[in-house]
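One structure is given below, encoded as C-alpha cells.
The values are calculated or read from the model by the stated rules, or taken from the named source; none is laboratory data. The structure displayed is predicted, hence computed values, not measured ones. Cβ placement follows ideal geometry from the backbone for every residue including glycine, while neighbour counts extend to all protein chains displayed. For the accessible areas, the whole protein counts, side chains as well, though only heavy atoms, and no ligand, DNA or RNA atoms are used. Shrake-Rupley method; radii C 1.70, N 1.55, O 1.52, S 1.80 Å.
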Amino acid sequence: MLDVNPIRADFPILTREVYGRPLVYLDNAATTQKPLTVIDTITKAYTTINANVHRGVHRLSQEATDHHEAARETVRRFLGAASTSEILFTRGTTESLNLLATSFGEAFCHEGDEIIVSEMEHHSNIVPWQLLCQRRGTVLRVIPVTDDGRLDLDAFQRLLSPRTRLVSVTHVSNVLGTVNPIEEIIRIAHDHDIPVAIDGAQAVPHIPIDVQQLGCDFYAFSAHKVYGPTGVGVLYGKEHWLEQMPPYQGGGEMIGHVRFSGTTWNELPYKFEAGTPDFIGTIATARALDYVTAIGLPAIAAHEHALVRRTLDALHAMPRIEIYGDSSDHRSLFTDHSSVLSFNLAGAHPSDVGMLLDHLGIAVRTGHHCAQPLMERFGIPGTVRISFALYNTDSDIDAFIAALRRVAEMV
Ligand code: PLP
C-alpha cells in the first residue's frame, strides 16, 4: 500500500487553503496536481537548456533535442510501443483525436463509410468525427450505454459493417468511471479487420498500458491528467497506419524538402509534428511518467480502489444520493470501474451542490463533463463528479462526506 504522507509532501499545492479551510482536491479527472519534481524540471529546463530543438548545431539546442527525444523514449516505454516513430507529441488528448480524425479520415474515409464511437465519449471523441462526417459524408454510428453504465457489446457487434473504417472508444468513462472491455472490443473489431483507437485520457493515470499487448491501433492521452504539465499530449499510432496517413498540419519540421513544385514529408514521427513542439513540456511529461512508474501504477490503483470503496460505502448509506453507473459491486473496481464517481443529490441541482462544497473547501466538478450525449442518455442536466489521485486520503473522503451531509441539509 502507498505511504501517502511523503507523497503529499511532493505536491506543494496540497498545503494551501480555500476559504480558510484545508483544500480537499477531488477534481483529478479534470487535471491532476503536479509534484515538485515536475515543477523543478520545468524551471531547470528553462534555466539551463532552453534552445529550439532539432534545428540547431549549437550545444544548447543539441541538449534540448536530446532531452526531448529521451522524453519520447520514456513515453514509448510507458505505453509499451514498439518504436518511438509511433509516439506523436500533441497538445493533449483533444488534439490527438483531432489529428486522428482529420488525417485518418482523409486517408481512409469516404462518403457512406462509417466510424463507430460510443454514447459515453467525451466531446473530444465525438466532435472531431462529426467534423469529418461533415467534410466527407462519412456516417457516425454510436454504441449505446446500458442502464448500469456499460457499453452494449451486442449492439456494438450489430453496428459493425463492411463500411466501418474505425472504432474509436474511451478506455475509461470520465463521468461514470466505467472501465470498458477494450481487449474484447479490439478483438471483435480486428476479427472484422477494423482498426481501433482508444481515448486513454482517464485510463493512463490509473491502469498500466501496453499498446502492443492490447493490439490497439491508436491510443491517446494527456500529460496533465497524469501529474504532468498542461499543453502536452500523446497519440500512439501503429507505424503501418501512420505511414499511410497524410500530415495533419504543415510548417517547419514536418517536411523533407519544400519546393513550389511539390513538398515532401519528414519521416515518422516528425511528419505529424509541425512547428516548435512544447519541448520543455515533453521533458516534464517524462519526469511525471517516471514519478508514476517509480511509485507503481498497481500500488496507485490499489490505493485509489480503497478510497473509492470508502466513498461508495458512505454514499450508499446517505439518503437522496443517486450514483450513476454500476456502483454495486465494489470487488470489481479497476477491472471495470476506475476512480471516478458521479452522483446527484435528489432535488438539488449539481452546480448548487458543487458551489456549496467548494465553500466548505472541497473541490469537485459539476456539470455535463463534456459528455452531453451521456447526460441525455440518463435524462439529467449534469452530475457531481469526484475523482481521486494517488495523494488523496481517507481524511479527504471523510471531509467530503461531512461537507456533503451539511450541503444536504441546505438544499
Ligand atoms: N477524453 C476524456 C475521456 C477526457 O476525460 C478528457 C478530459 O477531460 C479528454 C478526452 C480531453 O482531454 P484534454 O482536454 O486534455 O485534451
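Filter segment 134-172 down to the residues that are under 17 Å from I185 (Cα atoms), touching a strand residue (DSSP E or B) at 6+ places or on another chain (Cβ under 7 Å) and of a type in the set (S, T, N, Q), then identify the one that is most open to solvent (accessible area, probe 1.4 Å). Checked segment 134-172; the qualifying residue most open to solvent (accessible area, probe 1.4 Å) is S161. Taken over segment 18-69, the criterion of being part of a helix (DSSP H, G or I) and among the aromatic types (F, W, Y) is satisfied by Y46 alone.
Consider segment 86-124 and keep the residues that are aliphatic (A, V, I, L, M) and more than 20 Å from the chain's Cα centre (by Cα). The one that is farthest from the ligand (Cβ to nearest atom) is A107. Filtered by the rule that a residue be away from the ligand (no atom under 12 Å from the Cβ) and within 11 Å of the chain's Cα centre (by Cα), segment 178-205 gives no residues. Residues that are out of contact with any Asp or Glu (no Cβ under 7 Å at 6 or more places or on another chain) and assigned to a helix (DSSP H, G or I): does segment 161-181 have at least one? There is no residue in segment 161-181 that is out of contact with any Asp or Glu (no Cβ under 7 Å at 6 or more places or on another chain) and assigned to a helix (DSSP H, G or I).
Exactly one residue out of Y236, Y248, Y227 is closer than 19 Å to A107 by Cβ, touching a helix residue (DSSP H, G or I) at 6+ places or on another chain (Cβ under 6 Å) and buried (at least 24 other Cβ atoms within 10 Å of the Cβ): that is Y236.
Only one of the listed residues (E183, E111, E106) is surrounded by fewer than 18 Cβ atoms within 10 Å (Cβ to Cβ), farther than 23 Å from R377 by Cβ and in contact with a Pro (Cβ under 7 Å, 6 or more places away or on another chain). That residue is E106.
Within segment 368-387, the residues that satisfy the criterion of being on the phi > 0 side of the Ramachandran plot and open to solvent by 20 Å² or more (accessible area, probe 1.4 Å) are C370, G379. For segment 126-151, which residues satisfy the criterion of being touching a helix residue (DSSP H, G or I) at 6+ places or on another chain (Cβ under 8 Å) and closer than 19 Å to Q249 by Cα? Selection gives P128, W129, L131, L132, R135, R136.
Residues are listed down the side, and each one gets a yes or a no for (1) of a type in the set (F, W, Y); (2) not assigned by TED's automatic domain parsing to the domain that holds A203:
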position	(1), (2)
Y19	yes, yes
K34	no, yes
T43	no, no
T47	no, no
N50	no, no
R55	no, no
S61	no, no
H67	no, no
R72	no, no
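What single numbered condition from (1) open to solvent by 10 Å² or more (accessible area, probe 1.4 Å); (2) closer than 24 Å to A201 by Cα fails to hold for M355? The failed condition is (2). When the residues of segment 67-85 are filtered to those that are buried (at least 22 other Cβ atoms within 10 Å of the Cβ) and over 21 Å from N52 (Cα atoms), the one that is farthest from the ligand (Cβ to nearest atom) is A81. Of the residues contained in segment 232-254, one or more are found to be in a loop (DSSP other than H, G, I, E, B), under 18 Å from the mean Cα position of the chain (by Cα), within 16 Å of the ligand (Cβ to nearest atom) and within 26 Å of V204 (Cα to Cα). Residues of segment 43-64 that are crowded, with 18+ Cβ neighbours inside 10 Å and in contact (Cβ under 8 Å) with a residue 40 or more places away in the chain: A45, V53, H54, A64.
Here's the yes/no breakdown for (1) away from the ligand (no atom under 16 Å from the Cβ); (2) of a type in the set (K, R); (3) touching a Ser or Thr at 6+ places or on another chain (Cβ under 7 Å); (4) over 24 Å from H240 (Cβ atoms):
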{"site": "L132", "(1), (2), (3), (4)": "yes, no, yes, no"}
{"site": "I143", "(1), (2), (3), (4)": "no, no, yes, yes"}
{"site": "D148", "(1), (2), (3), (4)": "yes, no, no, yes"}
{"site": "V167", "(1), (2), (3), (4)": "no, no, no, no"}
{"site": "L176", "(1), (2), (3), (4)": "no, no, yes, yes"}
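Just to be sure, is L131 in contact (Cβ under 8 Å) with a residue 24 or more places away in the chain, crowded, with 23+ Cβ neighbours inside 10 Å and in a helix (DSSP H, G or I)? Criteria not met by L131. Candidates T146, T84, T93, T102: the one that is of a type in the set (V, I, T) and in contact with a His (Cβ under 9 Å, 6 or more places away or on another chain) is T93. Is it the case, given these coordinates, that H224 is touching a Lys or Arg at 6+ places or on another chain (Cβ under 9 Å), touching a residue at least 60 places away in the same chain (Cβ under 8 Å) and not in a strand (DSSP E or B)? The answer is yes for H224.
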